[in-house]
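Everything on this sheet refers to the single structure shown next.
The values are calculated or read from the model by the stated rules, or taken from the named source; none is laboratory data. Note that the structure is a prediction, hence the values are computed from the model and not measured. Glycine also receives a Cβ, built like all others from the backbone with ideal geometry; neighbour counts cover every protein chain displayed. Surface areas here come from the heavy atoms of the whole protein model, side chains and all, with no ligands, DNA or RNA. Shrake-Rupley method; radii C 1.70, N 1.55, O 1.52, S 1.80 Å.
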Amino acid sequence: MVEQSQTQTLPALKGITASTYGVGNGVFAFVPGLGLFQYEPSSTATGDDINVVQPTTGTGRWLRVTQAAPTVNAAGQLLSSNIAPGIYEVTVSGDGSADYLTIYDALVAGYRRIAVVGNTIETNSFVFDDSAYYISLYLMSDIKIDCGNVDNLYDASTNGAFVEFTVNGVGNPLSSGFIWSPNTNKTLFNFLSAQPGSRLTLNRAYIDASGASPINYAAFRGGLGVSIFGDYSGFGVSDSDSLFIQADNVYLVNPIIFGGGNSCSSVIYCPTAEICTLVLPVFVNQFSPTAPVVSARFLNIDGAYNASGSSLPLYGLEASINNIKERPGANGFKLTVDGNSFVSNCYLPNGVVKLSSTSTYTEISDSVLGDLDESGNPTEGATNICNVTFTNSQDFGTGEKVAWNLVNVSALADCQISGRDVTWNGGALGTASNSFNLTINAGATNALVTNLRTNSAITNNEPSAMLGLNPIFS
């Protein structure tokens, strides 16, 4: 009897019927290259060996219920996850064991859903005359697509096509992908002239240029309305200013960014992005400790892990940065925020939030931070800080912003107030057993400090400053 979720070849499937094996309604079988089939004993549909498989003898039909190519285990049983959202048409392997030697050959032959089952060497650009491209590559485990120093492996700049290019791997995101050794100012996936709505999707696969040594090379460049998406994808960069990902829309879930070096910066560079969202990015190896590794407009980061060898600089214009936790023994982040930006729910006791010279409205909440850096001298707008603890000394108001509002803000070091219109309401300076000092400097006009618990009296050198009730630790 055929059990649920068993893998079959097409000829074997045709030999399975209710009369010969006692198959009942609802039994499934998977045929590699075609998809998942369900047995329907009462069906009399015409067999086409694609959507309907008619048994060689007996009644009933096997009806294809999905074009997905499910992952199977060693016993041939279906697993819950799928390799890819579509059925592949042909296979590719550079050793001659598949339908074609290269992806390029399969595309030239007119196929657009391709399973890469062996390592390949690609020396030609994927450039065709279609007005629209719907290309899906399915990479089996441990597949290397060697692109050499090809410029524009895929190039949409020649005809302004609409493009949906999807790469799907299985398992470990660093198991299969593209190896690339670019020259300076070269591009792997060039979507600069692709129509708005075009996108590259990279799932459980990588693009690795970590062995290269150029500058200003891009794995992906996209124009207005063009996106790069990814789920558990990997991006390997060299020790240079790379501009590796440039797009109008970026949405990457659990990306792994590796390679790099002390001069590596601008891995994601999207200064005019409509949205740049990174969910739980992981940074490994080494990156520049001074130049931003990520620089983007409308930067949204939800969680991040820094496993590199230094504090990691990130820059966001109109940014929303949330849920970044600094692991014990790991390095922190230096977050430079610009425009109207928000930082919340971050635990970065060695991290820094820096206000740029053009910061306008900044809100920092529910976080532990090492430092607030005002050296950029922001000159307009407001900074609101609520339920935040700083581990290092602070000098609030040096940027001379219009207003500073500190609510339930604590510090574990000496602090000063130097700027005008700083209001500090609630929180603590030090602890009952650790005494630190607060000094209000001359020129900190209209400063107001109230309900701040301290271990010693506040030093006030500004006549216009006002002190409310500030209890002493008992």
- With an 8 Å cut-off on Cα pairs and a minimum separation of 6 or more residues, tell me the relative contact order of the chain in percent. 5 percent
- Using alpha-carbon pairs under 8 Å, 6+ residues apart, how would you state the relative contact order of the range 293-379 in percent? 24 percent
- Query: With every protein chain present, what is the per residue accessible area of the range 164-317 (1.4 Å probe, Å²)?
  - Reply: 31 Å²
- Task: Could you please state, rounded to a whole Å, how far the C-alpha centre of the range 440-473 is from the C-alpha centre of the range 303-324?
- Result: 34 Å
- Message: How far apart, in nanometres, would the label points at residue 108 and residue 361 be if each is projected 7 angstrom from Cα along the Cα-to-Cβ direction?
- Response: 5.7 nm
- Message: Taking 0.36 nm per residue of sequence separation and subtracting the Cα-Cα distance, how much length would be gained by fully extending the chain between residue 48 and residue 95, in nm to one decimal?
- Response: 13.8 nm
- residue 435-residue 302 FRET efficiency (beta carbon distance; Förster radius 45 Å; 0.05 resolution): 0.75
- Query: How high is the relative contact order of the range 189-289, in percent, with contacts defined as C-alpha pairs under 8 Å that are six or more residues apart?
  - Reply: 25 percent
- Per the 1/(1 + (r/R0)^6) rule, R0 = 41 Å and r from the Cβ atoms of residue 350 and residue 142, FRET efficiency to 0.05 is 0.60
- Message: Run lengths n ≥ 4 of DSSP H only: what is the helix-derived mean residue ellipticity at 222 nm for the chain, with -39500 (n - 2.57) per run over all residues, to the nearest 500?
- Response: -500 deg cm²/dmol
- Task: State, to one decimal in nm, how far the label point of residue 469 lies from the label point of residue 253, with both points 7 Å from Cα in the Cβ direction.
- Result: 5.1 nm
- Query: Working out 0.36 nm times the residue gap between residue 414 and residue 272, then minus their Cα-Cα distance, what length gain in nm do you get to one decimal?
  - Reply: 47.1 nm
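Leaving out ligands and nucleic acids, and using a 1.4 Å probe, what accessible area per residue does the range 332-454 come to in Å²?
Working: 4260 Å² over 123 residues.
Result: 35 Å² of accessible area for each residue.
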- Simple spin-label estimate for residue 172/residue 379, 7 Å along Cα→Cβ, in nm, reads 5.4 nm
- Task: Compute the FRET efficiency between residue 457 and residue 323 as 1/(1 + (r/R0)^6), taking r as their Cβ-Cβ distance and R0 = 35 Å, and round to the nearest 0.05.
- Result: 0.35
- Message: Leaving out ligands, DNA and RNA, and with a 1.4 Å probe, what % of the accessible surface on the chain is carbon or sulfur?
- Response: 50 percent
